[in-house]
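Asker: I have a structure here, written as C-alpha cells, and I will follow up with some questions on it.
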Amino acid sequence: MKKSKNLKFKILAVLLVLLFIGLYAYIYIVPSVSDIFVETYIAEYGTLEIGEETEYLIVRDERLYTADESGEVDRAVSAGKLMRKNSRIVTVGSTAYYSQNRGIVSYHYDGLETVYTPEEMANISIKALNTKNDEGDEKNPVKECVKTAQDGSPVFKIVDNKAWYVICWLENAKAEGFEPGKTMSVRFDDGTQLEMKVFQVNEQGKNKQIILSCNRYYEKFDRIRTGKCKLIKTSKSGILLEADSIIEKDGQTGVNLVNILGTAKFVPVKILATDGETTVVESNMYRDSEGRPVETIKNYSEIMRVTEEEEDAN
C-alpha cells in the first residue's frame with residue numbers, strides 16, 4: 001500500500017514537472033522560435049512632421065540711412081528696438097538722424113534693401129538664391145553699419161516688422177497643399193520655428209514661388225537674407241508606425257499587435273497623418289465615426305510587420 005502511494009506521488013511529480021516544462025516552452029521558447037519567421041518592431045510615441053526642406057530668401061520693407069557728413073557715430077538706440085516715426089536713432093558728429101518711419105532698429109545691411117522689396121517680390125526668380133560669385137565668396141555679404149562715418153556711409157536701418165516675407169521655390173509636384181491663406185510653421189536652420197501664412201503662390205516655369213508672410217519677431221530677421229528652412233505643412237503627435245505594417249481587416253484599418261505569448265491580435269487604429277513611410281496614429285483610445293470609444297495601441301506596443309503574402313492579399 002505504501003509502495004503504491006509512493007508510485008502515485010512520483011507519477012504526479014513527473015507530470016507536474018512535464019507541465020511546467022511545457023508551459024515554459026510555450027511562453028518563452030515558442031515565441032522566440034516564431035520571432036525567427038515573423039518580424040516585429042516596437043512602436044513609440046512621437047511627432048511626425050510633413051513638409052518640404054528648401055532654401056529661402058527674406059524680403060523686408062526696410063530703409064537704410066546714410067550719413068551726410070564725416071564724424072563719430074553715437075548710437076542712441078540699441079539694435080532690435082521698436083521705434084516710432086521721428087525717433088532719434090544716431091548722431092553723426094553734431095547732426096542727429098531720425099527715423100522717417102516706425103520699425104525695428106538694425107545696424108546691419110547688405111546693399112539689397114532696395115533690390116528685394118515687397119512691391120517687386122512676385123517677380124524675384126529662384127536665381128536670387130545664388131548668392132556667391134565664381135570664387136565662392138558672397139556677392140552681397142551682410143555688414144555692420146559704420147561707427148566712424150564718411151559722407152554716404154550706412155549708419156542704421158529701420159525695418160518694418162508688421163509684415164516681412166519668406167520666399168521659397170518648390171517643384172510643382174512638391175508644392176501641393178500650399179494655398180494662399182493657409183497657416184504653417186517654418187523652421188529655420190538655426191532651429192527657430194515660426195508660424196507663417198501663405199501670402200502668394202506664383203507659377204515660375206517648372207517651379208512654384210511660395211511667398212509666406214510673418215508678423216512675429218525673429219531675432220535675425222533684420223540681417224539674414226538667405227538660408228535653409230523646412231516648410232511644415234502638418235505636425236501630428238501620437239504613436240509612430242511603419243506605414244507598411246498597417247492593414248485592412250473587415251473594413252477596419254489596424255495593425256497586428258503581438259502579445260507576451262507571441263500571438264498576434266488585430267487592433268484598429270486611427271490615422272492622423274502619414275508621409276508614405278511613417279504613419280502617426282492615436283494612442284490608447286479614440287472615438288469612431290459614431291462617437292463610440294475604441295481601444296487602440298499604446299506606447300511600446302509590439303507590432304507585426306506585414307509579410308509579402310499579406311501585402312499581396314491586401
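Asker: Once the Cβ-Cβ distance between Val115 and Lys162 is put in as r, and R0 is 22 Å, what FRET efficiency do you end up with, to the nearest 0.05?
Answerer: Once rounded, the FRET efficiency stands at 0.55.
Asker: Now a separate question. If the cut-off is a Cα-Cα distance under 15 Å, which aspartates and glutamates reach Lys147, setting aside same-chain residues fewer than 8 apart in sequence?
Answerer: List returned: Asp68, Glu69, Glu72, Asp74.
Asker: So what are the ³J(HN,Hα) numbers for the stretch 68-83, from phi and the Karplus equation (6.51, -1.76, 1.60; θ = phi - 60°), rounded to whole Hz, Gly and Pro as x?
Answerer: With the stated coefficients, the stretch 68-83 comes to 9, 7, 8, x, 6, 9, 9, 7, 7, 10, 7, 4, x, 7, 8, 10 Hz.
Asker: Which one, Tyr41, Val142, Leu112, projects farthest toward the positive side of the charge dipole computed for the chain from Cβ point charges (K/R +1, D/E -1)?
Answerer: The residue sitting farthest along the positive end of the dipole is Tyr41.
Asker: Here's a follow-up. Per residue of the stretch 253-259, in order, report the coupling 6.51 cos²θ - 1.76 cosθ + 1.60 (Karplus, θ = phi - 60°) as ³J(HN,Hα) in whole Hz, putting x for Gly and Pro.
Answerer: Computed from phi, the couplings for the stretch 253-259 are 8, x, 9, 8, 8, 9, 8 Hz.
Asker: Extension gain Ile260-Ala243, at 0.36 nm per residue separation less the Cα-Cα distance, in nm?
Answerer: 3.8 nm
Asker: Let me ask another. Along the charge dipole of the chain, pointing to its positive end and built from +1/-1 on Cβ of Lys, Arg, Asp and Glu, which listed residue (Ile260, Asn86, Cys214) has its Cα farthest out?
Answerer: Value: Ile260.
Asker: Past 20 Å, Cα to Cα: identify those pairs from Lys174/Lys206; Lys81/Lys162; Lys85/Lys157; Lys127/Lys197, in the order given.
Answerer: In this structure, Lys127/Lys197 exceed 20 Å between Cα atoms.
Asker: Would you kindly state how much longer the chain becomes between Val142 and Glu55 on full extension, computed as 0.36 nm times their sequence separation minus their alpha carbon distance, in nm to one decimal?
Answerer: Details: separation 87, 0.36 × 87 = 31.32 nm, distance 1.78 nm.
Result for the pair: 29.5 nm of gain on full extension.
Asker: Any chance you could give the angle, 0 to 90 degrees and rounded to 10, that helix 2-24 forms with the longest Cα principal axis of the chain?
Answerer: The answer is roughly 20 degrees.
Asker: Given H placed on each backbone N at 1.01 Å, which residues far from Ser70 in sequence or on other chains put an amide H within less than 5 Å of it?
Answerer: Hits under the 5 Å cutoff: Asp151.
Asker: How far apart, in nm, are two points set 7 Å out from the Cα along the Cα-to-Cβ line at Asp275 and at Asp250?
Answerer: 3.5
Asker: Quick one: what do you get for the stretch 62-159 if you divide its Cα Rg by 2.2 N^0.38 Å?
Answerer: Against the empirical 2.2 N^0.38 Å value, I get 1.20 for the stretch 62-159.
Asker: So what are the radius of gyration and Dmax for the Cα set of the chain, in Å?
Answerer: For the chain, the Cα radius of gyration and maximum Cα-Cα distance read 32.5, 125 Å.
Asker: Subtract the Cα-Cα distance of Glu203 and Asp68 from 0.36 nm times their separation in residues, and report this length gain in nm to one decimal. Don't skip to the answer; put the middle values down first.
Answerer: Working: separation 135, 0.36 × 135 = 48.60 nm, distance 4.31 nm.
Answer, rounded to one decimal: 44.3 nm.
Asker: What FRET efficiency comes out for Gln100 versus Val77 if R0 is 22 angstrom and r is the Cβ-Cβ distance? Round to the nearest 0.05.
Answerer: It comes to 0.90.
Asker: Check cross-link reach from Lys139 to the aspartates and glutamates: straight Cα distance under 16 Å, and skip same-chain residues fewer than eight apart.
Answerer: Reachable aspartates and glutamates: Asp110, Glu113.
Asker: Report the residues of the stretch 133-166 in range of a label on Tyr217: point 7 Å along Cα→C-beta, backbone N strictly under 19 Å from it.
Answerer: 157-165
Asker: Could I ask something else about it? FRET efficiency for Arg287 and Gln193, Cβ-Cβ distance as r, R0 = 45 Å, nearest 0.05?
Answerer: Details: r = 31 Å, r/R0 = 0.68.
The formula returns an efficiency of 0.90 here.
Asker: Per residue of the stretch 199-214, what does 6.51 cos²θ - 1.76 cosθ + 1.60 with θ = phi - 60° give for ³J(HN,Hα)? Whole Hz please, x for Gly and Pro, Karplus curve as stated.
Answerer: 8, 8, 10, 10, 6, 9, x, 7, 10, 10, 8, 9, 10, 10, 10, 8
We did not get these values from a lab; they are worked out from the coordinates using the rules stated. For clarity, every value in this text was computed on a predicted model and none was experimentally measured. All Cβ positions, even for glycine, are placed from backbone atoms using ideal geometry, and neighbour counts span all protein chains on display.
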